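Taking it in order: structure first as C-alpha cells, then the write-up.
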Amino acid sequence: MWLLDVRDILKDADLDGLDISFAAAPPSQTLPPNVKYRHWNVKEAVPEDLIGVYDIVHVRFLAWVVLNDEIPAFVAKIFSLLSTSHILRFYSS
C-alpha cells in the first residue's frame, strides 16, 4: 500500500514492491504503469538484477519478519539493493 500512497508524490519514479506474497495487494493489472510487484523473500539471496538499482528502499514492515540473529545479513542485503552512485553522491556532498 505504501507504493500506492507514494506514487502521487514520485510521479516520474519506477516503484517496485518486493514481497514474499501479494495475496493482500491489489491485482497487478489495476496498478499504475510505474508500480510493479516482484516476488523476493528477504531470507533468500538478492536477485542479481536487483543489486544496485534503487535510490530508496522502504523497509518499515520487515521488522516483523527478521529475527535478531538475521539482522546483519538482512542489512547487507538491503544495502546491496541501493545504487552505489547514489550513496557516493550523498557522502561526497
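The values are calculated or read from the model by the stated rules, or taken from the named source; none is laboratory data. As the structure is a computational prediction, the values presented were derived from the model and not from experiment. Positions of Cβ are generated from backbone atoms using ideal geometry, with glycine treated the same way; all protein chains shown enter the neighbour counts. The area values use the complete protein model at the heavy-atom level, side chains included, leaving out ligands, DNA and RNA. Shrake-Rupley method; radii C 1.70, N 1.55, O 1.52, S 1.80 Å.
Observations on the structure shown:
- Dipole magnitude (debye, nearest 20) for the chain, charges at Cβ of Lys, Arg, Asp, Glu: 120 debye
- Accessible surface ranking that places the most exposed of 64, 40 first, with a 1.4 angstrom probe: 64, 40
- When the trypsin sites (Lys or Arg not before Pro) in the chain are filtered for DSSP coil states and for at most 11 other beta-carbon atoms within 10 Å of their beta-carbon, the remaining sites are 11.
- Using heavy atoms of the protein chains and a probe of 1.4 Å, the accessible area assigned to residue 62 is about 50 Å².
- Solvent exposure of the chain amounts to 75 Å² per residue of accessible area, where only protein heavy atoms count and the probe is 1.4 Å.
- The fraction of accessible area contributed by carbon and sulfur in the chain is 61 percent, rounded to a whole number (1.4 Å probe; ligands and nucleic acids excluded).
- Quotient of the Cα radius of gyration of the chain and 2.2 N^0.38 Å, N being its number of residues: 1.15.
- Each Lys and Arg Cβ is given +1 and each Asp and Glu Cβ -1; about its Cα centre, segment 35-75 then shows a dipole of about 220 debye.
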